[in-house]
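The values are calculated or read from the model by the stated rules, or taken from the named source; none is laboratory data. What you see is a predicted model, and the numbers here were worked out from it, not measured in a lab. Ideal geometry is used to build each Cβ from the backbone, glycine not excepted, and the neighbour counts take in all protein chains shown. Just the protein is used for accessible areas: all its heavy atoms, side chains included, with ligands, DNA and RNA removed. Shrake-Rupley method; radii C 1.70, N 1.55, O 1.52, S 1.80 Å.
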Protein chains: 2
Amino acid sequence: MSKQGGLPVLGQDEAACCAPMVREPLGEADAAELAKMFKALADPVRLRLLSLIASHEGGEACVCDLIGPFDVSQPTISHHLKVLREAGLVGSERRGTWVYYWVLPPALERLSALLQTPAATVSA
Amino acid sequence: MSKQGGLPVLGQDEAACCAPMVREPLGEADAAELAKMFKALADPVRLRLLSLIASHEGGEACVCDLIGPFDVSQPTISHHLKVLREAGLVGSERRGTWVYYWVLPPALERLSALLQTPAATVSA
């Protein structure tokens with residue numbers, strides 16, 4: 001399935017990738033990489049786009065589904081989708097007329113695990 | 001305990017606050033609020049500061065513990081700590097000469113839950 005080709009190779013073992021920051025301080029290289037991913041999330045339109053893609057039926061959304069809900073131009077939406085893709089948060093593929101987007105779970109999972117607190121771990 | 005006074009009132013019920021984005025798309029108001037928190041995380045020095053505070057023995061760190069590891073000036077560190085505090089990610093209190101910082105678990109938990117994927121839920 002072509003989607004798999006879009007998954008990034010994270011380049012570190014899972015323990016290092018997903019340790020909660022309450023357990024150990026971040027190194028410089030990890031912090032630089034993670035800050036880029038958080039920067040992609042630091043915009044309300046991008047956050048809503050990502051949530052529309054993530055919650056879309058079948059786990060992927062056509063760009064044609066993503067323009068309607070926003071009061072901004074199609075080029076602006078395309079720019080935001082590019083930022084999400086370059087941050088490694090979504091994958092994309094052109095099929096015929098439209099480009100389709102899906103979230104990359106390992107990337108979201110890495111950020112989610114980083115922010116986990118002991119309280120959350122206990123209540124999960 | 002004076003720490004409790006520093007906890008923000010989140011102003012929404014827990015279900016709404018912590019729904020993963022794979023389950024439902026974000027509304028405009030939530031996206032705007034969450035984007036501000038992610039913006040505070042979108043800087044390598046702030047991420048490392050937050051991780052130093054979060055992982056510090058006893059769950060809190062004196063500003064005097066936070067200056068040494070960085071190759072930036074004390075005013076720059078103070079500015080980054082202010083950004084983290086204003087985003088609701090850390091609390092702080094002056095005790096004698098030094099200001100002490102601790103993470104606010106509900107804020108981290110909210111971001112962590114937002115980014116959770118079904119894969120992460122299964123493996124947790």
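The mean count of C-beta atoms from other chains within 10 Å of the C-beta of residues in A:32-45, rounded to a whole number, is 6. Comparing A:Ile77, A:Leu108, A:Ala19 along the charge dipole axis of segment A:16-124, the residue lying farthest to the positive side is A:Ile77, per the Cβ-charge model. Solvent exposure of segment B:23-124 amounts to 46 Å² per residue of accessible area, where only protein heavy atoms count and the probe is 1.4 Å.
The distance separating the Cα centre of segment A:20-51 from that of segment B:27-85 comes to 12 Å. Averaged over peptide A:96-108, the number of partner chain Cβ atoms lying within 10 Å of each residue's Cβ comes to 2. Residues of segment A:47-77 whose accessible area (probe 1.4 Å, heavy atoms of protein chains only) drops by at least 30 Å² once all protein chains are present, relative to their chain alone: A:Leu47, A:Arg48, A:Ser51, A:Ala54, A:Ser55. Once the Cβ-Cβ distance of B:Val72 and B:Ala32 is raised to the sixth power relative to R0 = 22 Å, the FRET efficiency obtained is 0.15. I'd like the interface area for chains A and B: accessible area of each alone minus the complex, both sides summed, 1.4 Å probe, protein heavy atoms only. What is it in Å² to the nearest 100? What A and B bury together is about 2900 Å². Descending by average beta-carbon neighbour count within 10 Å, the peptides A:25-34, A:47-56 line up as A:47-56, A:25-34, the highest first.
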